[in-house]
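The values are calculated or read from the model by the stated rules, or taken from the named source; none is laboratory data. Since the structure is predicted, the reported quantities are computational estimates derived from the model, not experimental observations. Backbone-built Cβ (ideal geometry, glycine too); neighbour counts: all protein chains shown.
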Amino acid sequence: MTTTPSSPIEQLREYLHTTRLLGTIHSTLYFDQNTVMPAAAAPWRGEQLALLARQIHQRQSSREFQDLLAAAEAEVRPEALAEEPAQAADRRHNLRLLRQELERQRRLDPALVGRLAQAQAQGYAHWQEARARSDFALFAPALEELVRLRQEQARQLAEPRSCWETLAQVFEPEVSHRRLAELFAPLVEGLPPLLERAAGLPPLPPADWDLPDAAQDRLSQALLQDWGYDPGRCVRARSPHPFSCTIGPADFRITTRVVPGLPFSSFLATAHEWGHSLYEQGLPRSDDHYFPWPLGEATSMGVHESQSLFFECRLARSAAFAERWHPRFCDALGRDAWGGPRRFWRALNPMRAGLNRVEADELSYSLHIVLRYELERALLEEGMAVAELPQRWNDGMERLLGLRPANDAEGCLQDVHWSEGLFGYFPSYALGHLISAQLSEALESELGPIEARVAAGDEAAIIAWLGRRVWPLGRRVNGEELVERLSGRPLDAMPFLRHLETKLAALAC
């Protein structure tokens, strides 16, 4: 009996499935590297990751892939396609995204791809040591290599954008310096006066308490259970820097860390990273989309960050949430260290400038991002020497936040991103705040106040709304298109600034 050959679309799907398997093996090794891998294994892990990166790049740029994609493109031409219009549009969009990525990959030298993967693994190991010793000089050579390699990557891609803009496209499609200037200028102008106002808020409760690791773990796990954590599909571990990682269609990982003297850190990081993971779990998951089609991927990192910041800031830092969770923290501590739920809410929202981005509240957070964005541009496009980074960082912190780090660990070594050469990522964090604010207004126009839902313990309704309106869109739209579709207006900074004004007024009462 003769077997009917599969269609070009099916052949392409099988090819992409194998490529995705390799990519998730890479993600598994990365998760292991950040959680349990011994430090001495870093050189070998670098070789493993470099090998996989070369293999993935080869598949993403091969003649076989080009031929399969061309045949699939011919199959979905309007005159050749007898499908429902929506399904046909999705297939064409998937193929356009694949064509775009193929053209990018074909421009890259495979040797550069391998060197980058190895430099990232080595950079991470050097960063860990440098941060532990608070000695930037231990990390500087690795950072210099990563800057050089990323500049070479931008040259090979040869896009009609600047070096930084080219590198940022993978995180934020269509992002530009011009658009970031439009969105960030109101933050640079509006946030410092709000920080001055915040200085007049009622004083924070005395910082005379901490929680044992085990108690922090129990609280974090209780939060996850309340918000739909499924231990059959999800894992929580520890790492030096919290992150979320999707390894398969039913394999979602998050990490947190316990910071001595910062007993809210692990809890809020859990809320943040679970927001990332819920978004990943809510992306289109049919065979035609998530594995392996691009429409099943995240819209952008700005949208990704909007979800994590929503769960951290709009839910876990809300007054209604503090009212409900105050008794649990009192039980974990064995006493009320705050003097009631309202002062507990105040402790969850310090609203003051601090040195650490990850621990920053909504008010000061975006100024941290502006600094990192300025420094990335200086390193990649303006000729700033890596050796100047600690001084430029400290000067920028003093200018934007009125603080000066005492050492490299609390200064330019605090973030993991540059150790992996992830230039172009940081603005997505600030964009996440702006997107979250505008989506929150859209959500409240349909569901009513978020605070009322949280007070009723009905976060499930909020999660369900996001699962209907935001997460299933995947890459059908970019970040700004998503915001305009749901809110009816272009993205801007004013909804976020309005939210901060409202919150400050409530905290002052």
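Key figures for this structure:
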{"read-out": "Which numbered condition Phe423 misses (of (1) within 30 Å of Thr502 (Cβ to Cβ); (2) not in a helix (DSSP H, G or I))", "value": "(1)"}
{"read-out": "Exclusive hit being without any contact (Cβ under 8 Å) to a residue 12 or more places away in the chain and farther than 27 Å from Arg257 by Cα, set Arg59, Arg63, Arg54", "value": "Arg63"}
{"read-out": "Those residues of segment 11-43 which are touching a helix residue (DSSP H, G or I) at 6+ places or on another chain (Cβ under 9 Å), of a type outside the set (S, T, N, Q) and either more than 21 Å from Gln60 (Cβ to Cβ) or not assigned by TED's automatic domain parsing to the domain that holds Asp67 (or both), in sequence order", "value": "Asp32, Met37, Ala39, Ala41, Ala42, Pro43"}
{"read-out": "The one condition in (1) at positive phi; (2) in contact with a Pro (Cβ under 7 Å, 6 or more places away or on another chain) that Gly421 fails to fulfil", "value": "(2)"}
{"read-out": "Residue identified as closer than 30 Å to Trp338 by Cβ and assigned to a loop (DSSP other than H, G, I, E, B) among Gly232, Gly275, Gly228", "value": "Gly228"}
{"read-out": "Total residues in segment 26-50, condition surrounded by 12 or more Cβ atoms within 10 Å (Cβ to Cβ) and either acidic (Asp, Glu) or touching a strand residue (DSSP E or B) at 6+ places or on another chain (Cβ under 9 Å) (or both)", "value": "8"}
{"read-out": "Set Ala360, Ala337, Ala322: member being free of Cβ contacts under 8 Å to residues at least 40 places away in the same chain and either assigned by TED's automatic domain parsing to the domain that holds Leu69 or touching a Phe, Trp or Tyr at 6+ places or on another chain (Cβ under 6 Å) (or both)", "value": "Ala322"}
{"read-out": "Where a residue in segment 477-496 is in contact (Cβ under 8 Å) with a residue 60 or more places away in the chain and on the phi > 0 side of the Ramachandran plot and its partner, wherever it lies, is surrounded by 14 or more Cβ atoms within 10 Å (Cβ to Cβ) and part of a helix (DSSP H, G or I), with Cβ under 6 Å and at least six apart", "value": "none"}
{"read-out": "Breaking point among (1) in contact with a strand residue (DSSP E or B) (Cβ under 8 Å, 6 or more places away or on another chain); (2) assigned to a loop (DSSP other than H, G, I, E, B); (3) exposed (fewer than 15 other Cβ atoms within 10 Å of the Cβ), for Pro242", "value": "(3)"}
{"read-out": "Matching residues, segment 133-169, being of a type outside the set (D, E, K, R), without any contact (Cβ under 8 Å) to a residue 12 or more places away in the chain and either assigned to a helix (DSSP H, G or I) or buried (at least 17 other Cβ atoms within 10 Å of the Cβ) (or both)", "value": "Ala137"}
{"read-out": "Segment 51-88, subset surrounded by 11 or more Cβ atoms within 10 Å (Cβ to Cβ) and at pLDDT below 90, residue farthest from Arg104 (Cα to Cα)", "value": "Glu83"}
